[in-house]
Amino acid sequence: IAKEVAKLLEMKAQLGGDEGKPKFVLKTPKGTRDYGPKQMAIRERVFSAIISCFKRHGAEVIDTPVFELKETLTGKYGEDSKLIYDLKDQGGELLSLRYDLTVPFARYLAMNKITNIKRYHIAKVYRRDNPAMTRGRYREFYQCDFDIAGQFDPMIPDAECLKIVHEILSDLQLGDFVIKVNDRRILDGMFAVCGVPDSKFRTICSSVDKLDKVPWEEVRSEMVGEKGLSPEAADRIGEYVQLHGGLDLIERLLQDAKLSQNKLAKEGLGDMKLLFEYLTLFGITGKISFDLSLARGLDYYTGVIFEAVLLQQENEHVEELVGVGSVAGGGRYDGLVGMFDPKGRKVPCVGVSIGIERIFSILEQKLEASEEKIRTTETQVLVASAQKKLLEERLKLISELWDAGIKAEMLYKKNPKLLNQLQYCEDTGIPLVAIVGEQELKDGVVKLRIVATREEVNIRRESLVEEIRTRTSQP
């Protein structure tokens, strides 16, 4: 035993440097990242623009657990199911991390027997994907979802979802974008008339979905080579999926001898026409394209589907943004809630998800290129002193300001130099300095300094709160 112990001790001595401290790698797990104050400031700006749009459209907010029972998620995502994160068995429950916010929403509706709700939900989701961090593709990321559930007249809620995407993308000023629209029924009808067997609909659909990334020739050879579709059927599909346009194209397809014979396609085209009429009333058709190649990979869509894509930036600073692609997507999924309801009761739903991570990576790059200074705090005023021995007075004043709801800071030193206090404001972007000095205390005033112009005004102590509010209120 002694021999073995000596051996082990020797090994330990060889391994341990650093007083036996274990060596570990300081990094975030693959496909995740930390967000520093600067990045969080940009994120909060984006979130607040999105949330105010959702609220403007009358949405309520919900939240659901970050993990669900594994069976809740299984079989809802088609070919993407392999990307679900499974957790270890916890006391008899097999769990998985949520993959999106739509399936948990459907589970929530069925479980609580809700047949009518307009809600938004912003939370993290998890995908065991191959991360492409530069393009805003992660394993842990936020989704911002807005959904309308309930039985309504056709295409009115769907049109509102598209209006919301248009509002958000315009508001965030990401550059030019287009919202592609299609309908699962038109796709399925098209597959049927082109001679795709029923059993191959979904798998051919996922091939078509790649058309925004790879040329038609590659998609065609995948359909024929890997998925066993006849070359004739693939060529027929090719004639359709390369079409895109507006109302004129819808009219043309309604006259199409083959397509209009198909009940599903005809229904889809009729609804698409109605949708475009509503979008015309909303004044947004300039950014909408009816695009027959849009397929959206998820299995649960049943009607209208859409995807917002950023167009290539011409600006010389941001050439690398070309690959960002889709920044919002969604559609109608009328069957999902029924999959959870024991009686199979259906609740029709339509919704949209805003691709916050991609939007965020674009804004981050834009801000880096523009070298605009980003404030990471909202402090309105720094409480400062011009002479020594005024810590108590600073503490009294800052406490008054905090109690009045003013965002205020001070330096944690007994006798800071005035220059250091002013420099701190310059560095952090604090717009005002409230200076207490012996003379000011005698006169019952506070000297308010405007950092940008260096102008100073004496303000009566009792008017200070009001003055700070006025000078820092957002236009």
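Residues that are touching a Ser or Thr at 6+ places or on another chain (Cβ under 8 Å) and outside any strand (DSSP E or B) within region 377-392 comprise Thr377, Thr379, Gln380, Leu391, listed in sequence order.
Applying the criterion of at least 2 residues that are of a type outside the set (S, T, N, Q) and free of Cβ contacts under 8 Å to residues at least 40 places away in the same chain to the helices (runs of 4 or more DSSP H) found wholly in region 168-247 leaves 201-208, 216-221, 231-241. Here is a check on your reading of the model: is Glu140 open to solvent by 20 Å² or more (accessible area, probe 1.4 Å), under 17 Å from the mean Cα position of the chain (by Cα) and of a type outside the set (Ser, Thr, Tyr)? Yes.
Residues in region 344-355 that are modelled with pLDDT under 90 and out of contact with any helix residue (DSSP H, G or I) (no Cβ under 6 Å at 6 or more places or on another chain) were compared, and the one that is nearest to Gly329 (Cα to Cα) is Gly355. Looking across region 143-198, the residues that are closer than 24 Å to Asn262 by Cβ and among the small types (Gly, Ala, Ser) come down to Gly189, Ala192, Gly195.
Residue check: Ile51 meets all listed conditions (1) in a loop (DSSP other than H, G, I, E, B); (2) under 23 Å from Ala328 (Cβ atoms) but one, namely (1). Output yes when any residue across region 113-127 is surrounded by fewer than 19 Cβ atoms within 10 Å (Cβ to Cβ), on the phi < 0 side of the Ramachandran plot and touching a helix residue (DSSP H, G or I) at 6+ places or on another chain (Cβ under 6 Å), and no when none is. Scanning region 113-127, I find no residue that is surrounded by fewer than 19 Cβ atoms within 10 Å (Cβ to Cβ), on the phi < 0 side of the Ramachandran plot and touching a helix residue (DSSP H, G or I) at 6+ places or on another chain (Cβ under 6 Å), so the answer is no. Selection of first residues in region 259-287 that are free of Cβ contacts under 8 Å to residues at least 40 places away in the same chain and of second residues that are assigned to a helix (DSSP H, G or I) and open to solvent by 70 Å² or more (accessible area, probe 1.4 Å), restricted to Cβ pairs under 6 Å at least 6 apart or on distinct chains, gives the following pairs, ordered by first then second residue: Ser260/Lys266. Evaluating Asp198 against the criteria (1) over 29 Å from Ser52 (Cα atoms); (2) open to solvent by less than 10 Å² (accessible area, probe 1.4 Å); (3) among the charged types (D, E, K, R) leaves one unmet condition, (2). Being aromatic (Phe, Trp, Tyr), more than 20 Å from Arg107 (Cα to Cα) and not assigned by the TED database to the domain that holds Ala149 is the requirement here; does Phe24 meet it? In short, yes.
Evaluate the following for Ser96: is it of a type outside the set (Lys, Arg) and out of contact with any strand residue (DSSP E or B) (no Cβ under 8 Å at 6 or more places or on another chain)? In short, no. Scanning region 59-73 for residues that are assigned to a loop (DSSP other than H, G, I, E, B) and either open to solvent by 80 Å² or more (accessible area, probe 1.4 Å) or in contact with a strand residue (DSSP E or B) (Cβ under 6 Å, 6 or more places away or on another chain) (or both) returns Ala59, Ile62, Asp63.
Looking only at residues of region 356-376 that are out of contact with any Gly (no Cβ under 7 Å at 6 or more places or on another chain) and in a loop (DSSP other than H, G, I, E, B), we find that the one that is least open to solvent (accessible area, probe 1.4 Å) is Ile374. Taken over region 264-284, the criterion of being open to solvent by less than 50 Å² (accessible area, probe 1.4 Å) and under 18 Å from Phe177 (Cα atoms) is satisfied by Phe276, Leu279, Ile284. Set side by side, the residues Tyr35, Tyr85 differ, and just one is in contact (Cβ under 8 Å) with a residue 12 or more places away in the chain and open to solvent by less than 70 Å² (accessible area, probe 1.4 Å), which is Tyr85. Filter region 377-414 down to the residues that are among the basic types (Lys, Arg) and more than 14 Å from Leu441 (Cα to Cα), then identify the one that is most open to solvent (accessible area, probe 1.4 Å). Among those that are among the basic types (Lys, Arg) and more than 14 Å from Leu441 (Cα to Cα), it is Lys414.
If the condition is being in a helix (DSSP H, G or I) and open to solvent by 50 Å² or more (accessible area, probe 1.4 Å), then region 415-429 contributes Leu418, Leu419, Asn420, Gln423, Tyr424, Glu426, Asp427. Regarding region 280-292, can at least one residue be identified that is under 14 Å from Asp188 (Cα atoms), touching a Gly at 6+ places or on another chain (Cβ under 8 Å) and assigned to a helix (DSSP H, G or I)? Scanning region 280-292 turns up no residue that is under 14 Å from Asp188 (Cα atoms), touching a Gly at 6+ places or on another chain (Cβ under 8 Å) and assigned to a helix (DSSP H, G or I). Checked across region 143-166, the condition of being at pLDDT below 95, in a strand (DSSP E or B) and farther than 27 Å from Phe290 by Cβ holds for no residue.
For Arg375, indicate whether it is in contact with a strand residue (DSSP E or B) (Cβ under 9 Å, 6 or more places away or on another chain) and basic (Lys, Arg). Answer is no for this residue.
The values are calculated or read from the model by the stated rules, or taken from the named source; none is laboratory data. All of these numbers come straight from a predicted model, not from anything done at the bench. No Cβ is skipped: glycine too gets one built from the backbone with ideal geometry, and neighbour counts run over all protein chains shown. Heads up: the accessible areas ignore ligands, DNA and RNA and are worked out on the full protein's heavy atoms, side chains in. Shrake-Rupley method; radii C 1.70, N 1.55, O 1.52, S 1.80 Å.
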